[in-house]
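Written below as structure tokens is the structure these notes are about.
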Amino acid sequence: MASQGPDKAVFLLVGHKSDLQSARCVSAQEAEELAASLGIMAFVETSARNNSNVDLAFDILADAIQQALQQGDIKLEEDWGGIRLIYKTQSPGPPSRKQHPGPCQC
């Protein structure tokens with residue numbers, strides 16, 4: 001986490017396209033060192049192509065925000081829509097796709 005006080009920002013360094021190892025320009029160690037030097041709480045590598053760590057990145061950030069709220073590091077301001085607390089529930093899974101007559105399968 002980067003700064004102190006009630007206006008604290010919560011940061012997560014995200015390396016994307018981790019599925020393209022042959023095109024890597026920054027090592028994981030370099031990224032972790034950068035995150036540490038900037039006071040960023042963590043570093044995570046993601047790939048949308050193979051759905052690797054995408055949910056994890058959001059979960060890490062959401063958990064850090066919730067923890068900062070609980071500890072009073074950041075505060076909710078009245079009439080400010082920047083943060084909404086929605087508690088996780090088990091989702092039943094992806095919605096089933098109904099088959100429609102005709103060529104469209106959406």
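The values are calculated or read from the model by the stated rules, or taken from the named source; none is laboratory data. None of these values were measured; they are calculated from a predicted model. So basically every Cβ, Gly included, is an ideal-geometry build from the backbone, and we count neighbours across all protein chains shown. The protein model used for the area step is the full one, side chains on, heavy atoms only, and it has no ligands, DNA or RNA in it. Shrake-Rupley method; radii C 1.70, N 1.55, O 1.52, S 1.80 Å.
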Subject >> Verdict on Thr46 being of a type outside the set (Phe, Trp, Tyr) and modelled with pLDDT under 65 >> reply: no
Subject >> Tally of residues being within 19 Å of Ala9 (Cα to Cα) and in a loop (DSSP other than H, G, I, E, B) across segment 50-72 >> reply: 1
Original post:
Does Arg97 count as basic (Lys, Arg) and modelled with pLDDT of 60 or more?
Top reply: no
Original post:
In segment 50-77, what count of residues is obtained for those that are open to solvent by 60 Å² or more (accessible area, probe 1.4 Å) and either over 12 Å from the mean Cα position of the chain (by Cα) or among the hydrophobic types (A, V, I, L, M, F, W, C) (or both)?
Top reply: 10
Original post:
Which one is farthest from Ile60 (Cα to Cα), of the residues in segment 1-20 that are modelled with pLDDT of 85 or more and buried (at least 16 other Cβ atoms within 10 Å of the Cβ)?
Top reply: Ser18
**OP:** State yes or no: is Arg84 basic (Lys, Arg), within 18 Å of the chain's Cα centre (by Cα) and either open to solvent by less than 40 Å² (accessible area, probe 1.4 Å) or modelled with pLDDT of 85 or more (or both)?
**Re:** no
Original post:
Out of the residues in segment 21-49 that are in a loop (DSSP other than H, G, I, E, B) and touching a residue at least 12 places away in the same chain (Cβ under 8 Å), which is surrounded by the most Cβ atoms within 10 Å (Cβ to Cβ)?
Top reply: Thr46
